[in-house]
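Enquirer: Here it is, the structure in full.
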């Protein structure tokens, strides 16, 4: 069936709240206002204010409440108002470190918009970046069931995007990239809203005889290094296409990791490239493919 991104996210939340009574929502507008872009609309009437909780706009108090609930065995899903105070906060670091170093379950999901700029990604968190309604629904289900703390990044374009989704919401395995267009001359690694731009770029390059492979990362942490390295072994050239602001500087981090891990396979440096007018992107891609 066809659904918008916001409908897919709402369907995932609704399905998981029906399946597991430990799942509940927290945020400054998740209840009567229906959440960001109406992604939680009506859920307070279905599940009640004890499981869809409107809290004041106090981000660190919100994170503290969610983390405390996660440590008691509940599965809170937070709608985060802004990211500037998140990445560097002691609470975010505590959630990541407690699971990563001490294996203490911290089943906490933070839903945040990539429209806000921010600093480093917190250690120990999984970071998911869906690119269409189907991946938004599947990855959100997986995030809620995960014992790790998960940062779920939603692009502004995702909410209105239409796409086919399974009639019965089905979880996707996090940490796996997907090749959405095969090619042999250049690998384009991307995620979120930039995937559609990468596909258009690949089609325009094909008119000149350059076959670009487009890899939708879906997960920034952990990275699917097997899929990424396999693509680079085939093409020997890589371009990292992203929509700014890039959460946690992931394009530069990815470029550094790949240049170290796949150095012997590369014919040219990895180039992190922000979205730009199509002719400019095409010129960069053609130059890379020509090496």
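The values are calculated or read from the model by the stated rules, or taken from the named source; none is laboratory data. This structure is a prediction, so every number in the text was calculated from the model and none was measured. Cβ atoms come from the backbone with ideal geometry, glycine included; neighbour counts cover every protein chain shown.
Enquirer: Pick from segment 279-291 the residues that are more than 24 Å from the chain's Cα centre (by Cα) and more than 16 Å from residue 232 (Cα to Cα): which of them is surrounded by the fewest Cβ atoms within 10 Å (Cβ to Cβ)?
Expert: So, considering only residues that are more than 24 Å from the chain's Cα centre (by Cα) and more than 16 Å from residue 232 (Cα to Cα), the one surrounded by the fewest Cβ atoms within 10 Å (Cβ to Cβ) is 279.
Enquirer: When you look at residue 258, is it in a helix (DSSP H, G or I) and either in contact with a strand residue (DSSP E or B) (Cβ under 6 Å, 6 or more places away or on another chain) or closer than 18 Å to residue 179 by Cα (or both), yes or no?
Expert: yes
Enquirer: Only helices (runs of 4 or more DSSP H) wholly contained in segment 122-212 count here; list those with 3 or more residues that are crowded, with 22+ Cβ neighbours inside 10 Å and touching a residue at least 40 places away in the same chain (Cβ under 8 Å).
Expert: It comes to 133-145, 194-206.
Enquirer: Let me ask something else. Quick check: is even one residue across segment 96-105 surrounded by 15 or more Cβ atoms within 10 Å (Cβ to Cβ), in contact with a helix residue (DSSP H, G or I) (Cβ under 9 Å, 6 or more places away or on another chain) and not in a loop (DSSP other than H, G, I, E, B)?
Expert: yes
Enquirer: Name the residue that is nearest to the chain's Cα centre (by Cα), counting only residues in segment 244-272 that are farther than 20 Å from residue 226 by Cα and crowded, with 20+ Cβ neighbours inside 10 Å.
Expert: 247
Enquirer: Right, something else. Quick check on residue 6: is it assigned by TED's automatic domain parsing to the domain that holds residue 62, touching a helix residue (DSSP H, G or I) at 6+ places or on another chain (Cβ under 8 Å), within 24 Å of residue 193 (Cα to Cα) and modelled with pLDDT under 95?
Expert: Yes; evaluated as a whole, the condition is true for this residue.
Enquirer: Any residue at all in segment 47-61 that's modelled with pLDDT under 85, within 20 Å of the chain's Cα centre (by Cα), assigned by TED's automatic domain parsing to the domain that holds residue 127 and not in a helix (DSSP H, G or I)?
Expert: no
Enquirer: Restricting to segment 213-235, name every residue that is at positive phi and free of Cβ contacts under 8 Å to residues at least 40 places away in the same chain.
Expert: none
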